Amino acid sequence: MTQVPPIQRPAPVVAVIPFGSAPLTAAKVIAAHVSGYLDLEAEVLPCVKIPPAALDERRLQYNAAALIQAVESMALDDYFKILALFDVDLFIPLFTHVFGEARQNGRAALISLFRLQTNPKGSSPSTERVFERIAKIGLHELGHLLDVLHCDDDRCLMHFCGDVDALDRIDLNFCRYCRLALHRKIGRLARSP
Ligand SMILES: [Zn+2]
Ligand SMILES: [Zn+2]
């Protein structure tokens, strides 16, 4: 009697999409961290034009909710989560700006390079520092897409960071509780049809 081989399901793939003039290198940095930290396949897709309707002409910033909606409506059925990278400034009402935005357990998240490229006192950070910040925001927002909430541990990647200083203080790593929650979720994804 021969054994029936298990059905091979395609691994869930995360898409990283640079919008506007967001650099491809930064998108690749995010993709590398997604596959390295979460053992998920990540693919960088070609650059996409920023939907002009998302620009708030009074604030001269882009509306994060409108952008999430635009990204979710793109025909990207082969990808189970989408990380959209911008170099323009993003906002949500009540906040002056956001580094990133995701709906809890949603499909698409945004990451903005805009505020990560300067230090609070106006000096310029090194490229390595900017890449580290972008990787932190990317992993944090993907954590939300995987239904992980903010974490009280002020070293953890899922800790809420309102400014660049706070972002620089957290580790480029999840605490063990958040890591466990993520791996449980990813394990479930790999098993589900
Ligand atoms: Zn968050
Ligand atoms: Zn945590």
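We did not get these values from a lab; they are worked out from the coordinates using the rules stated. On a predicted model such as this, the values are computed, not experimentally measured, just so you know. All Cβ positions, even for glycine, are placed from backbone atoms using ideal geometry, and neighbour counts span all protein chains on display.
Between a residue in segment 137-149 that is of a type in the set (Gly, Ala, Ser) and any residue that is near ligand 1 (Cβ under 8 Å from one of its atoms), which pairs come within a Cβ distance under 7 Å, given they are 6 or more apart or on different chains?
Partner pairs satisfying both residue conditions: Gly143/Met158.
Considering segment 151-171 alone, what residues qualify as being within 14 Å of ligand 2 (Cβ to nearest atom), surrounded by 14 or more Cβ atoms within 10 Å (Cβ to Cβ) and not hydrophobic (A, V, I, L, M, F, W, C)?
Asp153, His159
Can you tell which of Glu57, Glu41, Glu72 is surrounded by fewer than 17 Cβ atoms within 10 Å (Cβ to Cβ) and either closer than 28 Å to Cys175 by Cβ or hydrophobic (A, V, I, L, M, F, W, C) (or both)?
On inspection, the qualifying residue turns out to be Glu41.
Can Phe131 be described as among the hydrophobic types (A, V, I, L, M, F, W, C) and in a loop (DSSP other than H, G, I, E, B)? Break it down stepwise before answering.
Numbers: among the hydrophobic types (A, V, I, L, M, F, W, C): yes; in a loop (DSSP other than H, G, I, E, B): no.
When the stated conditions are applied, Phe131 does not pass them.
So if I check each of Arg129, Arg133, Arg115, which one is away from ligand 1 (no atom under 16 Å from the Cβ), touching a residue at least 24 places away in the same chain (Cβ under 8 Å) and in contact with a helix residue (DSSP H, G or I) (Cβ under 8 Å, 6 or more places away or on another chain)?
Exactly one residue qualifies, and that residue is Arg129.
Restricting attention to segment 134-150, and to residues there that are part of a loop (DSSP other than H, G, I, E, B) and not aliphatic (A, V, I, L, M), which single residue is farthest from ligand 2 (Cβ to nearest atom)? Please lay out each step first, then the result.
Of the residues in segment 134-150, the ones part of a loop (DSSP other than H, G, I, E, B) are 146-150.
Adding the requirement that they be not aliphatic (A, V, I, L, M) leaves 147, 150.
Numbers: Asp147: 13, His150: 8 Å.
Within segment 134-150, the match that is farthest from ligand 2 (Cβ to nearest atom) is Asp147.
Hey, any hits in segment 92-113 for a residue that's crowded, with 17+ Cβ neighbours inside 10 Å, touching a Cys at 6+ places or on another chain (Cβ under 9 Å) and assigned to a strand (DSSP E or B)?
No, segment 92-113 contains no residue that is crowded, with 17+ Cβ neighbours inside 10 Å, touching a Cys at 6+ places or on another chain (Cβ under 9 Å) and assigned to a strand (DSSP E or B).
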